[in-house]
Amino acid sequence: LEQEEEEGMGFLTQGPDAALGYLANVDGVSVEEIRHRYKGWSSSKMEGELAMLEDRAATVLVPSQFETIREAIRAAGATKKIAVAEGDYEWADRVEVGETDREDLGREAIRLRLTGDGVKATRLWGRWGMAPDSWGSISNVSFILQVAPRGPAALLTVMGGSVPFPWSFVDVELRCAGGLTLLGAQKSFTHLSGAVLGGIDASENGTCVYAALLLEQAHCILQATTVGYAEISGVRASADAVAVVDRCAVRSCGRCLMFSDQAKVLVRNSSFTECPGPAFDPVGGADPEDENAQATRTEMILQGCHVGGMVWPGAFRPGWLLEKGNSFAPSSGG
């Protein structure tokens, strides 16, 4: 008991600001102070506290330390941890994650962990680009972009991520008017959970073109996500892309899902409503009356879903289709 009473208090009891101050200015802490605060500590306990202190010290704060997110990304090392306070942040040129001219980083993969104060509090107005050698997570922020005139400009372009190290977006809103909300390309891997993805509103100038456009060998997983306000389609997968839609609500889109070429789509436990076109378009928007339109190479699993309108464009179906436990409205033609 006496030893416990004499045990030092460490540094975390001083609060995050003081703890960061100690690490930021090592000369301000004497050896005697360090010994006093760690008196009686086991090596494992001390290692745990030092790891937590290092974790705190590695976090870059916006705007208190750096005025812009671009500056914070550039200033941080290969592992970037950025906390963005409440407010609106706007920029013109695309923020690039993973592309740097810093020689000390070389070709090391860039990891970004960014968090905000909530989707209604931290609003990021500008485009993002995630390079092939990048991965990480972003949470509790809103991404917003207004494109004029309407065109292919993307709010979020993802070319990085992989199966073990994806780009993960949790509790975020991604809203784009006039362009693409999410563009996945190359061998990217993107995971959205608890997100809102699509346009800003249902007006002519408020919708996005696609909520998610997947090209080449891009993979995208949407879980517990609301997709809406897309002029052409909520999700569009082509080439060898893979799309997973799990426990999502897709509504107010020209079409819910479009896919073609060798795309593979897994859809389960989701709802598709308020779309004027078919929920699932396996010919990638081609005219169903066109004899050259085909979807013979696409693959789809459709399980436990509800469709409140038209299901398929005419007689077209994916080349391989597994359906189980779905609920189609009587007038849906499914």
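The values are calculated or read from the model by the stated rules, or taken from the named source; none is laboratory data. Everything numeric here is computed off the predicted structure, so don't read it as measured data. Quick reminder, even Gly has a Cβ in these numbers, built from the backbone with ideal geometry, and neighbours come from all protein chains shown. Heads up: the accessible areas ignore ligands, DNA and RNA and are worked out on the full protein's heavy atoms, side chains in. Shrake-Rupley method; radii C 1.70, N 1.55, O 1.52, S 1.80 Å.
Each row is one residue, and each column tells you yes or no for (1) modelled with pLDDT of 90 or more; (2) touching a strand residue (DSSP E or B) at 6+ places or on another chain (Cβ under 8 Å); (3) crowded, with 16+ Cβ neighbours inside 10 Å.
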{"site": "Met9", "(1), (2), (3)": "no, no, no"}
{"site": "Ala18", "(1), (2), (3)": "no, no, no"}
{"site": "Glu33", "(1), (2), (3)": "no, no, no"}
{"site": "His36", "(1), (2), (3)": "no, no, no"}
{"site": "Leu50", "(1), (2), (3)": "no, no, no"}
{"site": "Thr59", "(1), (2), (3)": "no, yes, yes"}
{"site": "Ala75", "(1), (2), (3)": "no, yes, no"}
{"site": "Asp101", "(1), (2), (3)": "no, no, no"}
{"site": "Asp104", "(1), (2), (3)": "no, no, no"}
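Filtering region 117-140 for residues that are charged (D, E, K, R), part of a strand (DSSP E or B) and either at pLDDT 95 or above or within 27 Å of Asp240 (Cα to Cα) (or both) leaves a non-empty set. Count of region 181-204 residues, restricted to those that are under 12 Å from Gln146 (Cα atoms), open to solvent by 10 Å² or more (accessible area, probe 1.4 Å) and not acidic (Asp, Glu), is 1.
Would you call Arg150 more than 23 Å from Cys220 (Cα to Cα), open to solvent by 30 Å² or more (accessible area, probe 1.4 Å) and either in contact (Cβ under 8 Å) with a residue 40 or more places away in the chain or among the aromatic types (Phe, Trp, Tyr) (or both)? Write out each step before concluding.
On the way: more than 23 Å from Cys220 (Cα to Cα): yes; open to solvent by 30 Å² or more (accessible area, probe 1.4 Å): yes; either in contact (Cβ under 8 Å) with a residue 40 or more places away in the chain or among the aromatic types (Phe, Trp, Tyr) (or both): yes.
Yes, satisfied.
The conditions of being at pLDDT 70 or above, within 21 Å of the chain's Cα centre (by Cα), assigned to a helix (DSSP H, G or I) and surrounded by 14 or more Cβ atoms within 10 Å (Cβ to Cβ) are not met by Ile82. Selection of first residues in region 303-324 that are within 22 Å of Arg247 (Cβ to Cβ) and surrounded by 15 or more Cβ atoms within 10 Å (Cβ to Cβ) and of second residues that are of a type in the set (Val, Ile, Thr) and at pLDDT 90 or above, restricted to Cβ pairs under 7 Å at least 6 apart or on distinct chains, gives the following pairs, ordered by first then second residue: Cys305/Val267; Gly308/Thr273; Gly309/Thr273.
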